[in-house]
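Engineer: Quick one: this structure, given as structure tokens, is what I'll be asking you about.
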Amino acid sequence: MRASNARNLHGHVTQELGVRIVSGALRPGEALPREEVLADQMAVSRTALREAMRVLSAKGLIEARPKVGTRIREERYWHQLDADVLAWRCASMPPAAFVQKLVEMREIIEPAAAAYAARRCSAEQFERLEMAYLAMEASSNSDEWAEADLEFHEAVLNATNNELMVSLFSVVETALGSYFVLSARKSSDFKYSLPYHRKVFEAIRRRQPEAARRAMQQMILDSRANMTGKRRIRKPA
């Protein structure tokens, strides 16, 4: 029980300091207070603080030097794809900057993933993709939609049968999940991108790599337009 409490405590300290650093409340080059002072400020033991510092150092956020103390590292040294760093960034980055960086990442990865999925998708993987699509279709609110949306994109990456691509999803899952929630809530119709998902789904089912690539690219561009308020509303037929 004590070990569990200790982990929870240093986890809380890691979270609080990590958010301060990533949000810019603590700036690169800025020195942290001495250990005993910081532990007192955060009302934790020096043992819990040291463990939190080790975690933050492993993530590239801080560095400790003899006679200099502990300082915040420049952003270029941060492990940007670390799950915690991504979560803290998603929570603190200005929406426009977050959207731009994430869309760029999606444009590089997901159209190619959709094309490979169309070539390599197994029957079992396609069934998972279909279940995710049907869950999107049946969703009754934006949170249900965002959860199913995330499952759909994970299914596409899994269907590439590329273990590096699959591992990549586990790294960016937090960022994508945040993006899908924001995108669904931004639109008056959270299902606005369902037709694009249908096109990707059908292209993979028909084993049409280039059609899958184009459909995924269109989906990402439309999503970016939605997030920036520039999406054209399609008139009903």
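Engineer: Of (1) touching a helix residue (DSSP H, G or I) at 6+ places or on another chain (Cβ under 8 Å); (2) at pLDDT 90 or above, Arg120 satisfies all except one. Which?
Structural biologist: (1)
Engineer: Can I ask one more? So is Pro209 under 18 Å from Ala148 (Cβ atoms) and not aliphatic (A, V, I, L, M) or not?
Structural biologist: Taking the combined requirement at face value, the residue does not satisfy it.
Engineer: Oh, and also: Tally up the residues in region 51-72 that are within 31 Å of the chain's Cα centre (by Cα), among the basic types (Lys, Arg) and farther than 21 Å from Ala83 by Cα, please.
Structural biologist: 1
Table: residues versus (1) among the hydrophobic types (A, V, I, L, M, F, W, C); (2) assigned by TED's automatic domain parsing to the domain that holds Leu168; (3) in contact with a Phe, Trp or Tyr (Cβ under 7 Å, 6 or more places away or on another chain).
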{"position": "Asn8", "(1), (2), (3)": "no, no, no"}
{"position": "Thr14", "(1), (2), (3)": "no, no, no"}
{"position": "Ala25", "(1), (2), (3)": "yes, no, no"}
{"position": "Gly29", "(1), (2), (3)": "no, no, no"}
{"position": "Ile62", "(1), (2), (3)": "yes, no, no"}
{"position": "Lys101", "(1), (2), (3)": "no, yes, no"}
{"position": "Pro111", "(1), (2), (3)": "no, yes, no"}
{"position": "Tyr116", "(1), (2), (3)": "no, yes, no"}
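Engineer: Quick check on region 164-186: of everything there that is hydroxyl-bearing (Ser, Thr, Tyr) and closer than 17 Å to Leu102 by Cβ, which residue is nearest to the chain's Cα centre (by Cα)? Steps first, answer last, please.
Structural biologist: Taking region 164-186 as the starting set, the residues that turn out to be hydroxyl-bearing (Ser, Thr, Tyr) are 167, 170, 174, 178-179, 183.
Subset that is closer than 17 Å to Leu102 by Cβ: 170, 174, 178-179, 183.
Working: Ser170: 9, Thr174: 3, Ser178: 6, Tyr179: 7, Ser183: 13 Å.
The extreme case among them is Thr174.
Engineer: Next up: Could you list all residues from region 106-125 that are surrounded by fewer than 17 Cβ atoms within 10 Å (Cβ to Cβ) and assigned to a helix (DSSP H, G or I)?
Structural biologist: Taking region 106-125 as the starting set, the residues that turn out to be surrounded by fewer than 17 Cβ atoms within 10 Å (Cβ to Cβ) are 107-108, 119-120, 122-124.
If the condition is that a residue be surrounded by fewer than 17 Cβ atoms within 10 Å (Cβ to Cβ) and assigned to a helix (DSSP H, G or I), then Glu107, Ile108, Arg119, Arg120, Ala123, Glu124 are the ones that fit.
Engineer: Also: When residues of region 168-194 are filtered for being touching a Phe, Trp or Tyr at 6+ places or on another chain (Cβ under 7 Å) and basic (Lys, Arg), how many remain?
Structural biologist: Summing the residues that are touching a Phe, Trp or Tyr at 6+ places or on another chain (Cβ under 7 Å) and basic (Lys, Arg) in region 168-194 gives 1.
Engineer: Could you go through region 42-57 and let me know if any residue there is touching a residue at least 40 places away in the same chain (Cβ under 8 Å) and within 15 Å of His79 (Cα to Cα).
Structural biologist: The answer is yes; a qualifying residue exists.
Engineer: When you look at Phe201, is it among the hydrophobic types (A, V, I, L, M, F, W, C) and modelled with pLDDT under 95, yes or no? Break it down into steps so the answer makes sense when it comes.
Structural biologist: Values: among the hydrophobic types (A, V, I, L, M, F, W, C): yes; modelled with pLDDT under 95: no.
Spelling it out, it is not the case that Phe201 is among the hydrophobic types (A, V, I, L, M, F, W, C) and modelled with pLDDT under 95.
The values are calculated or read from the model by the stated rules, or taken from the named source; none is laboratory data. On a predicted model such as this, the values are computed, not experimentally measured, just so you know. Neighbour counts run over all protein chains shown; Cβ positions are idealised from the backbone, glycine included.
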